[in-house]
Amino acid sequence: MKRVSLIALTYFFSFPLFSQELATARFISDTALKHASVSVCIADALTGEAVYEHNSSVSSVPASVMKLITTAVAIEMLGPDYTFTTHIGFSGKIDTISKVLSGNIIIKGGGDPSLGSVNFSENYNDFLRSWVNEIKKLGIKKIEGSVISDDSYYDYRPTPSKWLWEDIGNYYGAGAYGLSVFDNLYEIHLKSTSGSPAPVIKEIIPAEYEPEVLNHLRALGTADYGNIFSSPYGTSATMEGIIPAGQNDFVLKASISDPPLLLAKIMTKMLNSAGITLTEEPSTARLVKNYNPDDFSLITETVSPPLSKIIEVLNHESVNLYAEHLLKELGKKYGTAGSTYAGIEVVMSFLRKNGIDNSGLYMEDGSGLSPLDAINTRLLSNVLSYMETSGKYFGDYFSSLPEAGKNGTIKYHFTDPIFDNRLRAKSGSMTRVRNYAGYLTTIKGNKLVFSIIVNNFSGSSGQIVAGVENILRQTIINK
């Protein structure tokens with residue numbers, strides 16, 4: 001009762017500074033959290049001992065802080081220098097006299113999430129040009145066959161089964177294929193003339209991607225609620241919702257439904273432009289009958305950036321696609337298959353073997369996009385503490401997290417100077433969900449890990465962010 005009275009008095013007199021416990025109590029009492037669940041765990045980074053907890057054993061929707069689990073296990077098991085390789089070769093034989101290849105050009109995927117990504121190259125077509133140049137060196141003038149993309153490296157279920165239908169057609173819901181390219185996204189450029197309710201499609205980039213697009217969009221005011229619905233390996237997409245009116249070039253980013261086939265089409269076009277003709281249409285190993293993966297002569301290969309660089313982009317920009325690739329890669333290398341569920345089993349096993357209680361972790365993917373994912377802040381803090389004390393590659397892991405007020409998804413948060421060089425964190429958000437987890441250093445020099453998860457709040461997300469910032473500010477000051 002005395003503690004309750006102290007909190008009440010503190011609120012009544014509105015003291016400018018209050019302890020971490022009072023900051024949390026004030027945050028939880030906000031009317032925006034009347035129907036919400038709030039979980040907090042702040043612990044000593046070196047011992048793992050909690051210095052403050054609130055509902056820390058309650059599992060809630062993690063959103064993108066799930067990526068902290070996936071990237072921790074990936075870098076520990078695969079190593080920061082791990083790379084993915086895409087192989088380009090041919091089947092059949094080349095007649096050195098007629099310069100005719102009686103066979104196919106084969107692109108064998110190796111699970112690279114970064115192939116053709118604008119996150120790693122200013123000119124995303126460079127790798128394609130290099131492939132064409134290497135093929136030209138063989139002296140081939142004609143191909144009696146086609147370009148075939150082989151994405152059998154992973155399973156043929158690109159998106160986790162528990163993802164929402166409204167997500168998988170949009171760019172952030174792009175699936176992880178054995179052969180992914182261009183971040184598996186394309187752009188639909190629209191013109192929404194004032195007074196005209198139906199926006200017009202100006203162009204689709206890349207132009208070689210030609211889905212049947214059903215346009216049910218409306219242009220109204222300044223609202224931006226446009227969505228794209230499509231399915232993996234499908235041939236059509238539907239645009240629905242509202243986009244701003246009076247826009248000459250409004251862009252919707254969507255997920256490519258068949259990246260391997262698109263890559264084969266683009267490669268075919270570039271070979272034709274280089275004077276190498278093909279007699280058959282581009283295709284994929286999934287669609288070609290009697291495809292023989294062993295009939296393959298290597299021409300060249302493309303190697304990805306090291307895993308440390310991929311994880312840095314993943315955590316800074318919260319790229320769902322990269323997280324799903326890493327989960328499948330764990331399943332491919334250490335589990336039973338290159339699949340989502342095989343990867344989840346590897347993650348769970350890693351946690352158990354390293355003494356981390358995973359009983360409150362419910363994984364349906366590696367990115368946190370599924371609303372059926374759940375985690376508790378105690379477990380998440382334990383993983384962060386483990387990485388600092390026992391992780392072989394903690395330096396790479398730590399540097400992959402955005403710096404407060406400087407970059408990544410927290411560039412515009414934690415801008416108070418007290419957070420400078422004291423806080424690195426991953427954010428996670430979706431409808432009615434705002435979460436943060438990471439590392440902080442107090443004024444006294446104590447190293448802490450923290451995890452704060454807020455589900456089902458009402459009001460603005462700004463209120464939630466401000467409350468989280470205040471809890472961490474008081475932690476830095478008082479701990």
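The values are calculated or read from the model by the stated rules, or taken from the named source; none is laboratory data. This one's a predicted model, so the numbers in the text were calculated from it and none came from an experiment. In this analysis, Cβ positions are derived from the backbone assuming ideal geometry, glycine residues included, and neighbour counts consider all displayed protein chains.
Quick notes on this structure:
- For the stretch 89-130, a tally of residues being farther than 15 Å from Leu307 by Cβ and surrounded by fewer than 23 Cβ atoms within 10 Å (Cβ to Cβ) returns 25.
Per-residue answers, yes or no, for (1) among the hydroxyl-bearing types (Ser, Thr, Tyr); (2) modelled with pLDDT of 95 or more; (3) over 29 Å from the mean Cα position of the chain (by Cα); (4) not assigned by TED's automatic domain parsing to the domain that holds Pro199:
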site	(1), (2), (3), (4)
Tyr233	yes, yes, no, no
Thr268	yes, yes, yes, yes
Asn272	no, yes, yes, yes
Leu278	no, yes, yes, yes
Glu281	no, yes, yes, yes
Arg286	no, yes, no, yes
Asp294	no, yes, yes, yes
Ser297	yes, yes, yes, yes
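- For the stretch 419-448, filtered to residues that are hydrophobic (A, V, I, L, M, F, W, C) and assigned to a strand (DSSP E or B), the residue that is surrounded by the fewest Cβ atoms within 10 Å (Cβ to Cβ) is Met430.
- Output for the stretch 189-227, where each listed residue is closer than 25 Å to Asp112 by Cα and of a type in the set (A, V, I, L, M): Ile204, Ile205, Ala207
- Of the helices (runs of 4 or more DSSP H) contained entirely in the stretch 311-400, those carrying at least 2 residues that are within 14 Å of the chain's Cα centre (by Cα) fall at 320-334.
- Set side by side, the residues Ile188, Ile135, Ile148, Ile204 differ, and just one is in a strand (DSSP E or B), in contact with a strand residue (DSSP E or B) (Cβ under 7 Å, 6 or more places away or on another chain) and closer than 30 Å to Leu298 by Cα, which is Ile148.
- Verdict on Asp258 being at pLDDT 95 or above, surrounded by fewer than 17 Cβ atoms within 10 Å (Cβ to Cβ) and either of a type in the set (Asp, Glu) or more than 17 Å from the chain's Cα centre (by Cα) (or both): no
- Pairs, first in the same structural domain as Tyr322 (by TED's automatic domain parsing) in the stretch 54-72, second basic (Lys, Arg), C-beta under 6 Å, six or more apart: Ser56/Arg378; Ser57/Arg378; Val65/Lys426; Leu68/Lys426
- Verdict on Ala323 being within 30 Å of Lys406 (Cβ to Cβ) and not basic (Lys, Arg): yes
- Output for the stretch 352-399, where each listed residue is closer than 24 Å to Val433 by Cβ and hydrophobic (A, V, I, L, M, F, W, C): Ile356, Leu361, Met363, Leu369, Leu372, Ala374, Ile375, Leu379, Leu380, Val383, Leu384, Met387
- Any hit, the stretch 248-255, residues being in contact with a strand residue (DSSP E or B) (Cβ under 8 Å, 6 or more places away or on another chain) and without any contact (Cβ under 8 Å) to a residue 60 or more places away in the chain: yes
- Flag if Leu115 is farther than 23 Å from Ser257 by Cα, in a loop (DSSP other than H, G, I, E, B) and at pLDDT 95 or above: no
- Filtered residue count, the stretch 449-464, keeping only those that are of a type outside the set (Phe, Trp, Tyr), more than 22 Å from the chain's Cα centre (by Cα) and surrounded by 15 or more Cβ atoms within 10 Å (Cβ to Cβ): 4
- Residue within the stretch 449-458 that is hydroxyl-bearing (Ser, Thr, Tyr) and not in a strand (DSSP E or B) present: yes
- Residue check, Glu312 out of contact with any Phe, Trp or Tyr (no Cβ under 9 Å at 6 or more places or on another chain) and outside the structural domain of Leu185 (by TED's automatic domain parsing): yes
- Pick from the stretch 133-174, criterion surrounded by 18 or more Cβ atoms within 10 Å (Cβ to Cβ) and among the hydrophobic types (A, V, I, L, M, F, W, C), ranking: farthest from Asp258 (Cα to Cα): Ile140
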